[in-house]
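These notes are about the structure you will find just below.
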């Protein structure tokens, strides 16, 4: 497991030639079992899992000024420490579009599979760019065993606020 940067993408692709690289991204704030289950699901689609963790400024544009709770360095370290994750990196948008980083990832890492949750924003853009680069897009429906109470970061924050 390692925290990498975009300069490492081509090297990783070359190192794992013949292996399926799976890519996913997200906020992963207040890391919880839902994130672990998501990464386990992602890993089922290939051999190497590379996870982008959104930088703080990017997440604030999506979720508002009070998120993320933890800074991107903490979140990247937590994601990187989870068993299914082989590599993680910090990702901020590089164009006016919040998903502009996908072009760099798809051109240099060349993942075989891109996994997103069905409630991800801008699924149309994700479909188009995946098709353009020949990356298989897998859209997962969030699921969680009943004993995990449909956990989410938002629900954790709401529960804490009640105390």
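Before moving on, here are some points about what is shown:
- Within region 12-31, considering residues that are touching a helix residue (DSSP H, G or I) at 6+ places or on another chain (Cβ under 6 Å) and in a loop (DSSP other than H, G, I, E, B), the one surrounded by the most Cβ atoms within 10 Å (Cβ to Cβ): 28
- Taking the numbered list (1) touching a residue at least 24 places away in the same chain (Cβ under 8 Å); (2) under 25 Å from residue 144 (Cβ atoms) in turn, residue 89 passes all entries but (2).
- Total residues in region 46-80, condition within 29 Å of residue 18 (Cα to Cα), surrounded by fewer than 20 Cβ atoms within 10 Å (Cβ to Cβ) and more than 14 Å from the chain's Cα centre (by Cα): 1
- Scan of region 124-141 for residues that are under 24 Å from residue 32 (Cα atoms) and surrounded by 14 or more Cβ atoms within 10 Å (Cβ to Cβ), ordered by number: 138, 139, 140
- Among (1) part of a strand (DSSP E or B); (2) in contact (Cβ under 8 Å) with a residue 40 or more places away in the chain; (3) under 29 Å from residue 149 (Cβ atoms), the one test that residue 34 misses: (1)
- Counting only strands (runs of 3 or more DSSP E) that sit completely within region 82-163, those holding 1 or more residues that are at pLDDT 95 or above, over 22 Å from residue 31 (Cβ atoms) and touching a strand residue (DSSP E or B) at 6+ places or on another chain (Cβ under 9 Å) correspond to 113-117, 136-140.
- The criterion of being touching a helix residue (DSSP H, G or I) at 6+ places or on another chain (Cβ under 6 Å) and either surrounded by fewer than 17 Cβ atoms within 10 Å (Cβ to Cβ) or not in a strand (DSSP E or B) (or both) does not hold for residue 41.
- Pairs where the first residue, in region 147-161, is at negative phi and touching a residue at least 12 places away in the same chain (Cβ under 8 Å) and the second is assigned to a helix (DSSP H, G or I) and loosely packed, with under 10 Cβ neighbours inside 10 Å, C-beta under 8 Å, 6+ apart: none
The values are calculated or read from the model by the stated rules, or taken from the named source; none is laboratory data. Since we're looking at a predicted model, the values are computed, not measured. Glycine also receives a Cβ, built like all others from the backbone with ideal geometry; neighbour counts cover every protein chain displayed.
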